Amino acid sequence: MQLTITIDGKAVSVNPGATILDAANSAGARIPTLCHDNRLHPYGACRICMVEVEGPPRRMMTACTTPAADGMIVNTASPAVVEARKDILELLLINHPLDCPVCDKAGECRLQDLVHEYGLGPSSFAEEKRQLPSDHDSAVIERNANRCVLCGKCVRICKEQNAVEELAFTRRGGRSRISVAFDRPLDCEFCGECVDICPVGALGAKQFKYKARVWNLEQTPSTCIYCGCGCPVSLEAHKGSVVRISPADDNYLCVKGRFGWDAVHHADRLTTPKMRVGGELVDCTWDEALAVIATNLKVIKNKRGADSIGGLGSVRTTNEDNYAFQKFMRMVIGTNNIDLLARFKIPRGINASFFSGELGRIGESDVILMLDQDTGDINPLTGIGIVRAVNRRGSKLILCGTGRNKFKSIASVVIPQDTGSALASLTAGLRSARRIVSTRVKQAVELLTSAGSVALILPPRLAPDTFTLVRELAGILKQVAYYPLVMRGNIQGAMDMGVLPDYFPGYQAVSPETAALWGKRWNASLPEARGMSAEEMMTGIERGKLSALYIMGDDPVSSIPGLVPILRRLEFLVVQDIFMTETAKIAHVVLPAASFLERSGTFTNLERRLRRISRAEEPLGESKEDWEIIQAIAHKMGRPMNYASVGGIMSEIRTGVPFYGHLAVNACWPREQSPLSGSLADLSLSSDSIAAHEVITAGRLLFSSGGMITRSKEMGTIGRASTEAEV
């Protein structure tokens, strides 16, 4: 039954449990706030949302914490309310420094806006302002306690959304302030959510300090490329250069997405093509580089056949780039030797048995079973969804794993076992309660048994026996939604686009019939047999079966140094990247590509949601978007691709890939439309020879993400700070 409440003479209906602030929003009445945020529980600290509720007795109440009552009459802008808000603002300004000209929050400061709105005159208070020490030692974030209005937003979001609890209220009364234990520098996830949510300039990002005024920023909607979550972001540029990245529409953004973008401004950026002359890589023109590539690929193809050439695509490039790349390899070169090294880092069964659920719906599950304790580091948005589900919606969390972990503080049950052992124990317990030997497993089994729905968080790697255990356990539970952890950015989109040796775009299996179908679309004769996988290509190089390799946007040598002698055996190696990577250093031709700030197109995240990438900067030097480079090489080889823009490529994708046909940006393509749905097809790769020698990055996964992140000044600062803190 709905409640009727009158706001400024307008009657509105609200659901039971709604606050006066909720009712005012429904009525279109604006009530100012400082401490309120829809992502947090109501708090009522700042009192600026005071409204007048008619009596008897007539009284002032905080709109954000007062529940709406049936028949309630509220005035939001009466003279008494206005005077009350002015008094509150004067109290807030007793200690708040009027340093707006040097504060980076100016222009988006809620306190500044309210002072202007209510037209405060000279202060009634003559007390000397307090002087508290500022924190300039923390990595990437500065704290100016003198500007703090004690709204508590930073404390609450750190606890309620991130489960970190780094900040807290300390001291009492007029000496109250927000600080870190022992006043040490911050040692947290450095997500910057506290900076975003702060209504004043008490918290700020060093990266943006004194760079620009917010009213001069040009905002471009885009997508973060670091992990499989693909969070929407706003690229904020000043004078043609990005100076800040913020989450779009109050969404969450992790440390890499918020601060790691500065890597693309690193001095190592490639700006001109390079070719090997006399054993050295030297600058050359685009015409020279394209001519060398076309000539060598033609010679090798004529001499040893098309299958002596291979291609490695990228999870850092757009769907359009990857589509053009696989088309080039199949149509121009004439081979299905095309793959992604990132397939070594995806869960077995993704897109076949374990389609990801929507991240925003994790909280709809009664129980969340987390099988990887690094969830918050690998896919931070998934971790945030879990924390929100527990803190705001009451979901129960079962955590499997050992060691320190922030999720332990919110978990209902912690099973200190590895993934395989925990799965075996839970499955045995669900099948027969008499086989349960652990109290914790018993508690977990009770939760799973009574749950009407379960969210299953899957590790980024699943061994065959673990894969079997997951399927067995899921068969016992009710309404299971899978959430596989995906470490790399556009792995979903790259696979959708057919950067696979055994599937054309849209997971259409390689066969004479499929080759004929796509050949008709492209007006070409296409290869009909399965190509080499990434691992088979490396083996093929050693055995002399592969003579040339074209790598777009990947750096296998940095993670697998043992590949250097293998790649040196190639007759011809082309690397297309934004940096002079370790792989590029041994190439015959290196091509400069545009970064994600300098290109347009689309990504598809782990939940199969189509995201848009938008250009906010012009390509650096002579660098070009990947699809433009591929098209130029194809033209040089006599098989032109005639795309005028990424829009033309997407139009072709929509024609050939059914589940992209009418897929809108920000929508997910339906899992049932995949040809692999419900099958046991395995799109992951495993190798005892390649992956066994992979370099594992030291430190937390949250602060590392391949070679690109190592060139971020901000992430380097965090890495050093974290190492010093551990020591």
Seminar exercise, completed: Exception for S134 within (1) among the hydroxyl-bearing types (S, T, Y); (2) without any contact (Cβ under 8 Å) to a residue 40 or more places away in the chain; (3) open to solvent by less than 40 Å² (accessible area, probe 1.4 Å); (4) farther than 29 Å from I613 by Cβ falls at (3)
Problem set entry | Hits in region 361-377 (condition: open to solvent by 10 Å² or more (accessible area, probe 1.4 Å) and part of a helix (DSSP H, G or I)) | R361, G363, E364, D377
Problem set entry | Pair list, Cβ < 8 Å and 6+ apart or interchain, from region 37-65 residues that are over 23 Å from R392 (Cα atoms) to residues that are basic (K, R) and part of a strand (DSSP E or B) | E52/R59; V53/R59
Seminar exercise, completed: The condition from (1) buried (at least 19 other Cβ atoms within 10 Å of the Cβ); (2) farther than 18 Å from G394 by Cα; (3) of a type in the set (A, V, I, L, M, F, W, C) that A463 misses is numbered (1)
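From the set of residues in region 247-272 that are farther than 30 Å from G385 by Cβ and out of contact with any Ser or Thr (no Cβ under 7 Å at 6 or more places or on another chain), which is modelled with the highest pLDDT?
Among those residues, the one meeting the criterion is T272.
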Exercise. Do we have any residue at all in region 107-125 that's part of a loop (DSSP other than H, G, I, E, B), open to solvent by less than 60 Å² (accessible area, probe 1.4 Å) and of a type in the set (D, E, K, R)?
Worked result: no
For this session: Being open to solvent by 20 Å² or more (accessible area, probe 1.4 Å) and of a type in the set (V, I, T) is the filter; apply it to region 20-70 and report the residue that is farthest from G152 (Cα to Cα).
Result: T65
Exercise. Which residues, taken from region 388-402, are β-branched (V, I, T), open to solvent by less than 30 Å² (accessible area, probe 1.4 Å) and outside any helix (DSSP H, G or I)?
Worked result: I398
For this session: Six or more apart or on different chains, Cβ under 6 Å: which pairs go from a residue in region 97-117 that's without any contact (Cβ under 8 Å) to a residue 60 or more places away in the chain to one that's in a loop (DSSP other than H, G, I, E, B)? Could you list them?
Result: C100/A106
For this session: Please find, within region 159-194, the residue that is most open to solvent (accessible area, probe 1.4 Å) out of those that are in contact with a strand residue (DSSP E or B) (Cβ under 7 Å, 6 or more places away or on another chain) and in contact (Cβ under 8 Å) with a residue 40 or more places away in the chain.
Result: P185
Seminar exercise, completed: Picked from region 466-483 (must be small (G, A, S) and assigned to a helix (DSSP H, G or I)), the residue most open to solvent (accessible area, probe 1.4 Å) is G475
For this session: Kindly provide the set of residues from region 210-230 that are open to solvent by 40 Å² or more (accessible area, probe 1.4 Å) and assigned to a strand (DSSP E or B), ordered by number.
Result: E218, Q219, P221
Problem set entry | Residue satisfying all of: in region 489-499; in contact with a helix residue (DSSP H, G or I) (Cβ under 8 Å, 6 or more places away or on another chain) and not in a helix (DSSP H, G or I); nearest to G257 (Cα to Cα) among these | N490
Problem set entry | Among the residues listed as V299, V233, V292, V200, the single one being in a strand (DSSP E or B), modelled with pLDDT of 95 or more and not hydroxyl-bearing (S, T, Y) | V233
Problem set entry | For G452: the one exception among (1) under 23 Å from G385 (Cβ atoms); (2) open to solvent by 70 Å² or more (accessible area, probe 1.4 Å); (3) not aliphatic (A, V, I, L, M) | (2)
Exercise. Quick one: Q443 ticks every box in (1) more than 22 Å from A163 (Cα to Cα); (2) in contact (Cβ under 8 Å) with a residue 60 or more places away in the chain bar one, so which box is it?
Worked result: (2)
Exercise. Does Q207 satisfy the criteria of being closer than 30 Å to E618 by Cβ and part of a helix (DSSP H, G or I)?
Worked result: yes
For this session: Would you mind listing the strands (runs of 3 or more DSSP E) fully within region 130-197 where at least 2 residues are of a type in the set (A, V, I, L, M) and at pLDDT below 90?
Result: none
Exercise. Got a sec? Which of S674, S600, S623 is small (G, A, S) and at pLDDT below 95?
Worked result: S674
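Restrict the check to region 487-499 and report whether at least one residue is farther than 30 Å from D374 by Cβ and either open to solvent by less than 50 Å² (accessible area, probe 1.4 Å) or in contact (Cβ under 8 Å) with a residue 12 or more places away in the chain (or both).
Yes, region 487-499 contains a residue that is farther than 30 Å from D374 by Cβ and either open to solvent by less than 50 Å² (accessible area, probe 1.4 Å) or in contact (Cβ under 8 Å) with a residue 12 or more places away in the chain (or both).
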Exercise. What residue, of S674, S614, S600, is over 21 Å from the mean Cα position of the chain (by Cα) and not charged (D, E, K, R)?
Worked result: S674
Exercise. Restricting attention to region 237-296, and to residues there that are of a type in the set (S, T, N, Q), out of contact with any Cys (no Cβ under 8 Å at 6 or more places or on another chain) and touching a residue at least 12 places away in the same chain (Cβ under 8 Å), which single residue is least open to solvent (accessible area, probe 1.4 Å)?
Worked result: S246
For this session: Can you run down the residue pairs with Cβ atoms below 7 Å, 6 or more apart or on separate chains, where the first is in region 5-31 and under 19 Å from P79 (Cα atoms) and the partner is buried (at least 16 other Cβ atoms within 10 Å of the Cβ) and of a type in the set (F, W, Y)?
Result: none
For this session: Return a yes/no flag: does region 645-656 have any residue that is surrounded by fewer than 14 Cβ atoms within 10 Å (Cβ to Cβ), at pLDDT 90 or above, farther than 30 Å from E142 by Cβ and among the β-branched types (V, I, T).
Result: yes
For this session: Would you check which residues across region 333-358 are surrounded by fewer than 24 Cβ atoms within 10 Å (Cβ to Cβ) and in a helix (DSSP H, G or I) and list them?
Result: R343, F344, K345
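The values are calculated or read from the model by the stated rules, or taken from the named source; none is laboratory data. Since we're looking at a predicted model, the values are computed, not measured. Positions of Cβ are generated from backbone atoms using ideal geometry, with glycine treated the same way; all protein chains shown enter the neighbour counts. Ligands, DNA and RNA are stripped out before the accessible areas are found, and what is left, the full protein with its side chains, is counted by its heavy atoms. Shrake-Rupley method; radii C 1.70, N 1.55, O 1.52, S 1.80 Å.
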